[in-house]
Amino acid sequence: KRYNETLNLRAEHMALKPLRVKLRRLLKEYKVNRNEAVIIGDQVFTDVLVGNRMKIMTILVEPIKPKATIVEKIKRKLEKIVLYF
């Protein structure tokens, strides 16, 4: 949130990605077409997956801070394998 405020952008949290419900609602609310939108995120299995499912451009960035839980660590390892191929 603090990064988005600095850049004067709106961020949506708890979007339940890779579900498309909230993303569709946001596109409609902002009257934005899919080809005008971009998803910036640090997770392949959520951010990039929902973007691909919606045919929206995605930008994969490095995480700001490393994930601490075991589930997050496992997901990061799986993401590295996916990105390798």
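The values are calculated or read from the model by the stated rules, or taken from the named source; none is laboratory data. These numbers come from a predicted model, not from an experiment. Methodologically, a virtual Cβ is constructed for each residue, glycine included, from the backbone with ideal geometry; neighbour enumeration extends over all protein chains shown. Just the protein is used for accessible areas: all its heavy atoms, side chains included, with ligands, DNA and RNA removed. Shrake-Rupley method; radii C 1.70, N 1.55, O 1.52, S 1.80 Å.
Filtering the stretch 33-55 to residues that are open to solvent by 50 Å² or more (accessible area, probe 1.4 Å) and not acidic (D, E) leaves N33, R34, N35, V38, I40, F45, L49, N52, R53, K55. Checking the structure you have, find out if any residue of the stretch 12-21 is without any contact (Cβ under 8 Å) to a residue 12 or more places away in the chain, basic (K, R) and surrounded by 10 or more Cβ atoms within 10 Å (Cβ to Cβ). No - not one qualifying residue is present in the stretch 12-21.
Inclusion of T58 among residues that are among the hydroxyl-bearing types (S, T, Y) and open to solvent by 60 Å² or more (accessible area, probe 1.4 Å) is not warranted.
For (1) touching a helix residue (DSSP H, G or I) at 6+ places or on another chain (Cβ under 9 Å); (2) of a type in the set (G, A, S), each residue gets a yes or a no:
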{"residue": "Y3", "(1), (2)": "no, no"}
{"residue": "L26", "(1), (2)": "no, no"}
{"residue": "G41", "(1), (2)": "yes, yes"}
{"residue": "E62", "(1), (2)": "no, no"}
{"residue": "A68", "(1), (2)": "no, yes"}
